[in-house]
Structure formats: structure tokens, C-alpha cells
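Comments concern the structure below.
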Amino acid sequence: MSETINTLDELLNDPMVRLVMERDRVKPAEFRMLFEQVRERSAVEATDEPVLPPAHVIARTCQKFWLCP
């Protein structure tokens with residue numbers, strides 16, 4: 001994978017990404033539709049809060065439940 005992937009099309013056309021998606025039985029069209037739905041929803045819900053919690057919050061939760069080192 002190159003270090004300069006700029007678009008979803010480039011990502012979905014990457015051979016390594018394709019192999020992983022095929023292994024996980026994820027179809028590019030389904031992923032694209034899900035991605036578009038999330039993008040539209042986040043545009044509607046445009047707030048100052050991020051959609052995902054910051055990494056340190058995720059890590060704290062992960063450690064609390066012994067899911068990560």
C-alpha cells in the first residue's frame with residue numbers, strides 16, 4: 001500500500017485491502033454504501049464533538065475490560 005492514498009477509490013483498489021476484504025467477505029459496494037451513510041449522518045449531526053472518542057478514552061475502556069495490554 002502506498003503512503004499517499006487520498007481517496008476511497010484508491011483505498012478500495014489497493015490489492016492488499018482487497019484481499020483482506022475478500023477474506024472477511026466484505027464487498028466494496030457495501031462498504032462504499034456504509035461509508036456514504038456515515039458521512040451523510042456526520043454532516044447532518046455536525047457538532048464540535050468528534051464522532052469517535054479520542055484514542056486515550058478508547059484505550060482506558062479497553063484496559064478496564066482487559067481487552068488490551
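The values are calculated or read from the model by the stated rules, or taken from the named source; none is laboratory data. Every value quoted in this text rests on a predicted model; they were computed, and no experiment measured them. Reconstructed Cβ throughout: ideal geometry from the backbone, glycine too, with neighbour counts over all protein chains shown.
Descriptive notes on the structure:
- Taken together, the residues in region 21-32 that are surrounded by fewer than 11 Cβ atoms within 10 Å (Cβ to Cβ) and either assigned to a helix (DSSP H, G or I) or not basic (Lys, Arg) (or both) amount to 3.
- Pairs with Cβ under 8 Å, 6+ apart, first in region 25-50 and under 26 Å from Asp14 (Cβ atoms), second at pLDDT below 75: Val38/Val51; Ser42/Val51
- Consider region 34-58 and keep the residues that are surrounded by 10 or more Cβ atoms within 10 Å (Cβ to Cβ) and over 13 Å from the mean Cα position of the chain (by Cα). The one that is modelled with the highest pLDDT is Glu40.
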